[in-house]
1. Hey, among S224, S198, which residue is surrounded by fewer than 21 Cβ atoms within 10 Å (Cβ to Cβ), within 14 Å of the chain's Cα centre (by Cα) and not β-branched (V, I, T)?
2. Test G155 against the criterion of being on the phi > 0 side of the Ramachandran plot and either among the aromatic types (F, W, Y) or touching a residue at least 40 places away in the same chain (Cβ under 8 Å) (or both), and give yes or no.
3. Scanning for something part of a helix (DSSP H, G or I) and out of contact with any His (no Cβ under 8 Å at 6 or more places or on another chain), does the range 19-30 turn up at least one residue?
4. Could you say which residue among S179, S167, S198 is hydroxyl-bearing (S, T, Y) and more than 23 Å from A71 (Cα to Cα)?
5. Look through the range 75-91, keep the residues that are of a type in the set (G, A, S) and farther than 14 Å from F42 by Cβ, and return whichever of them is modelled with the lowest pLDDT.
6. Would you be able to say whether some residue in the range 111-122 is modelled with pLDDT under 95, within 20 Å of I50 (Cα to Cα) and of a type in the set (V, I, T)?
7. If I filter the range 67-74 for residues that are touching a Lys or Arg at 6+ places or on another chain (Cβ under 8 Å) and at pLDDT 95 or above, do I get at least one hit?
8. Being closer than 12 Å to A208 by Cα, more than 20 Å from the chain's Cα centre (by Cα) and surrounded by 11 or more Cβ atoms within 10 Å (Cβ to Cβ) is the filter here, so list the residues in the range 13-32 that pass it.
Amino acid sequence: MPIWDDLLTGQDREVYEKAGYGRKVVFGKKPALLIIDATYLFVGDKPEPILQSMKRYPQSSGEAGWKAVYAIASLLPLARKKCARVIYSAVAPFDTSLPYTWRARNPTAAGEKLIERGYDIVDEVAPQGNDIVISKMAPSIFFGTNLMSYLTPLGVDTLLVCGGTTSGCVRATVIDAASYSFKVGVIEEGCFDRVQISHKVNLCEMDAKYASVISVAEAREYLSKL
């Protein structure tokens with residue numbers, strides 16, 4: 001059963017079925033792995049309950065974030081061998097001189113610069129070799145960045161997406177990826193969020209409309225066959 005199954009009523013399932021949602025994506029032969037915002041700012045500096053982690057990292061996802069980090073780490077060796085590229089996003093530091101950004105809605109944004117190593121990708125999944133790091137100022141890794149200038153020459157047709165948060169930057173990236181006609185897989189255990197109902201609902205919606213939500217084991221099986 002999918003992780004969101006306990007949220008759906010019988011009518012909900014019937015609606016999705018009759019609307020034709022949730023058909024599985026057939027992945028292509030040239031994938032890239034997108035790791036969204038796996039930074040200390042969003043997971044804290046160690047695995048611990050979220051409310052404890054938030055004392056030092058107010059935007060942390062706590063233990064849920066670290067479970068995702070370890071899942072991503074387990075997939076990275078195979079991904080680096082089989083994918084066209086492993087590509088990371090990291091949020092650019094908040095620019096307080098801008099009159100308004102989406103991040104201004106977050107009351108902790110102004111203090112982001114004070115958080116030690118907040119913008120660093122966590123060591124357990126740190127970029128290596130030919131990995132690419134994209135600095136972004138919006139939720140989607142596509143918006144206002146040069147991501148497509150990497151994907152197009154590499155002939156990428158499939159994007160495997162993980163990271164955080166599920167309801168925020170992951171979903172924004174997945175919608176843009178689908179809009180650009182990529183085949184999209186979302187790695188369930190590799191995604192994290194601060195609130196579990198948001199995590200479940202957004203995985204459900206992405207699986208219904210824009211992507212196929214897959215397990216780490218399914219991602220490994222797909223990559224192994226390339």
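1. Answer to the check: S198.
2. yes
3. For the range 19-30, residues part of a helix (DSSP H, G or I) and out of contact with any His (no Cβ under 8 Å at 6 or more places or on another chain): present.
4. Checking each option against the conditions leaves just S179.
5. A84
6. There is at least one residue in the range 111-122 that is modelled with pLDDT under 95, within 20 Å of I50 (Cα to Cα) and of a type in the set (V, I, T).
7. no
8. Selection gives R13, V15, Y16, Y21.
The values are calculated or read from the model by the stated rules, or taken from the named source; none is laboratory data. Quantities reported herein were computed from a predicted structural model and do not represent experimental measurements. Because the Cβ atoms are built from the backbone with ideal geometry, glycine has one as well, and the counts that use them run over all protein chains shown.
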